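Notes follow once the structure below has been shown.
The values are calculated or read from the model by the stated rules, or taken from the named source; none is laboratory data. Since the model is a prediction, treat every value here as computed from it, not as a measurement. What goes into the accessible areas is simple: the full protein's heavy atoms, side chains included, and nothing from ligands, DNA or RNA. Shrake-Rupley method; radii C 1.70, N 1.55, O 1.52, S 1.80 Å.
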Amino acid sequence: YYKKKLSDGKTEKQALICVMRRLNNIIYGMLKNKTEYRHPTLSKKGSE
């Protein structure tokens, strides 16, 4: 995610802030819904 943000034109500091915000959103959602972290499953492009 960090590398993707850098390639999108963000500075290193901006990309790091994006990563921190994403982590905050995930943790908040886990606390709000009282759930464990589940690693997202990614579908491969072209297999649909």
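Below are the figures for this structure:
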quantity	calculated
Cα point-scatterer Debye curve for the chain, base-10 log of I(q)/I(0) at q = 0.13, 0.14, 0.26, 0.31 Å⁻¹	-0.46, -0.52, -0.90, -1.00
In the chain, lysine pairs with alpha-carbon atoms under 21 angstrom apart (chain gap of 8 or more, or interchain)	9
Gain in span if fully extended, Glu36 to Ser7, counting 0.36 nm per residue against the direct Cα distance	7.3 nm
Residue-normalised accessible area of the chain, expressed per residue, 1.4 Å probe, Å²	105 Å²
